[in-house]
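The values are calculated or read from the model by the stated rules, or taken from the named source; none is laboratory data. For clarity, every value in this text was computed on a predicted model and none was experimentally measured. Because the Cβ atoms are built from the backbone with ideal geometry, glycine has one as well, and the counts that use them run over all protein chains shown.
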Amino acid sequence: MPENATAPADAAPGPALPIRVAALYRFARLDDRVALRAGLVEACDKHGVKGTLLLAKEGINGTIAGPPEGIAAVVAHIRALPGCADVDVKYSGAPAMPFYRMKVRLKAEIVTMGQPDIDPLASVGTYIEPENWNALISQPGTILIDTRNDYEVAVGSFAGAIDPQTASFRDFPAWFRAERERLLGDGAPPRVAMFCTGGIRCEKSTAFLKAEGVEEVFHLRGGILKYLEAVPPEESLWQGECFVFDQRVSVGHGLAPGTHSPCHACRRPLNAAHRASPLFEEGVSCPACHAERTEAQREGYRERHRQERIAAGRGVSHIGAQLAPAAIPKP
């Protein structure tokens with residue numbers, strides 16, 4: 001495929017910012033993943049694209065960023081992979097590169113649920129377009145479940161959504177099985193609507209509920225990101241911002257960069273109240289992780305932060321910024 005070949009949707013503009021960010025996934029049968037990985041690494045390096053892509057037998061998932069023409073070329077490359085012509089891509093913008101390097105990783109699952117028999121290619125819930133989502137979740141009798149993790153829900157969610165308070169998506173099946181009777185009761189099966197950031201966890205969670213015998217299961221096509229892009233703020237039922245897995249930390253309506261920042265010790269999202277806490281120290285600690293670290297660790301973070309400031313003053317990147325002490329939380 002020519003380097004500049006793109007599907008028409010790939011030209012969809014995000015915010016008028018110099019860096020284009022593409023969050024994408026596709027469930028597909030990918031067999032020769034080693035060869036596919038090599039091609040993706042080469043394409044991303046060639047076009048100045050950074051971020052993370054996960055390859056598994058069940059498909060591809062990740063977020064990448066770079067110049068618009070570079071993102072278009074890499075997305076075109078991904079669309080040429082087996083079964084990936086219709087890969088779901090959500091675009092947004094960033095004022096600066098939100099990733100430090102490019103990683104293409106081979107995984108057992110593209111989003112880890114720990115349920116090897118669940119196959120979203122075989123059975124999933126009913127997709128609901130963002131424009132129709134408000135009507136569904138406003139209907140009496142609809143159970144609305146946020147399938148994301150606790151630190152994501154804390155940044156924002158839909159009004160009235162149930163928060164499973166999970167630390168990992170792997171915890172979702174056990175949570176549902178423990179709460180099933182309370183949620184569904186023993187009468188007529190209720191309508192269940194679920195959502196996540198970009199749609200991938202919803203595909204797996206609706207497939208899981210259907211395997212558990214729940215028939216009326218719906219999920220938001222394109223996830224929260226598509227909703228915030230498509231639904232005007234004055235019509236929105238979304239409250240807060242949406243956590244994203246890169247240095248932007250959160251986005252708001254229209255996918256504009258949000259107001260949260262990362263703690264450079266634990267990578268959790270911080271709002272204004274967190275940053276005003278006496279336990280917050282730039283580059284060193286936040287209220288969530290202060291008790292999790294020793295003073296010796298915090299002293300190491302202080303030195304790293306000092307070196308980063310010196311490097312920034314010289315106009316260069318410090319290696320400490322690329323080797324953060326804890327990874328950004330994952331689904």
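Quick notes on this structure:
- Any hit, the range 152-160, residues being more than 21 Å from His253 (Cα to Cα) and either of a type in the set (Phe, Trp, Tyr) or crowded, with 16+ Cβ neighbours inside 10 Å (or both): no
- Selection count, the range 197-243, where residues are in contact (Cβ under 8 Å) with a residue 40 or more places away in the chain and on the phi > 0 side of the Ramachandran plot: 4
- The set of residues from the range 37-95 being basic (Lys, Arg) and under 19 Å from Arg221 (Cβ atoms) comprises Arg79, Lys90.
- All of (1) surrounded by fewer than 19 Cβ atoms within 10 Å (Cβ to Cβ); (2) of a type in the set (Lys, Arg); (3) in contact (Cβ under 8 Å) with a residue 12 or more places away in the chain hold for Arg306 with one exception: (3).
- Filtered by the rule that a residue be loosely packed, with under 13 Cβ neighbours inside 10 Å and either of a type in the set (Asp, Glu) or closer than 15 Å to Val217 by Cα (or both), the range 96-121 gives a lone residue, Asp117.
- Condition check for Leu237: surrounded by fewer than 17 Cβ atoms within 10 Å (Cβ to Cβ) and touching a strand residue (DSSP E or B) at 6+ places or on another chain (Cβ under 6 Å): yes
- Any chance Ser92 is loosely packed, with under 15 Cβ neighbours inside 10 Å and not hydrophobic (A, V, I, L, M, F, W, C): no
- Of the residues making up the range 122-136, at least one is within 25 Å of Glu234 (Cβ to Cβ) and without any contact (Cβ under 8 Å) to a residue 24 or more places away in the chain.
- The set of residues in the range 262-297 that are out of contact with any helix residue (DSSP H, G or I) (no Cβ under 7 Å at 6 or more places or on another chain), closer than 20 Å to Asp150 by Cα and not in a loop (DSSP other than H, G, I, E, B) comprises Pro262, Leu270, Ala272, Ala273, His274, Arg275, His290, Ala291, Glu292.
- Test: Ser250 is more than 24 Å from Gly59 (Cβ to Cβ), within 21 Å of the chain's Cα centre (by Cα) and modelled with pLDDT under 95: yes
Matching residues to (1) of a type outside the set (Gly, Ala, Ser); (2) touching a Phe, Trp or Tyr at 6+ places or on another chain (Cβ under 7 Å); (3) over 22 Å from Val251 (Cβ atoms); (4) at pLDDT below 95:
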position	(1), (2), (3), (4)
Ala7	no, no, yes, yes
Leu40	yes, no, yes, no
Leu53	yes, no, no, no
Gly66	no, no, no, no
Ala94	no, no, no, yes
Tyr100	yes, no, no, yes
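- Just one of the listed residues (Ala73, Ala85) is modelled with pLDDT of 95 or more, out of contact with any strand residue (DSSP E or B) (no Cβ under 6 Å at 6 or more places or on another chain) and assigned to a helix (DSSP H, G or I), namely Ala73.
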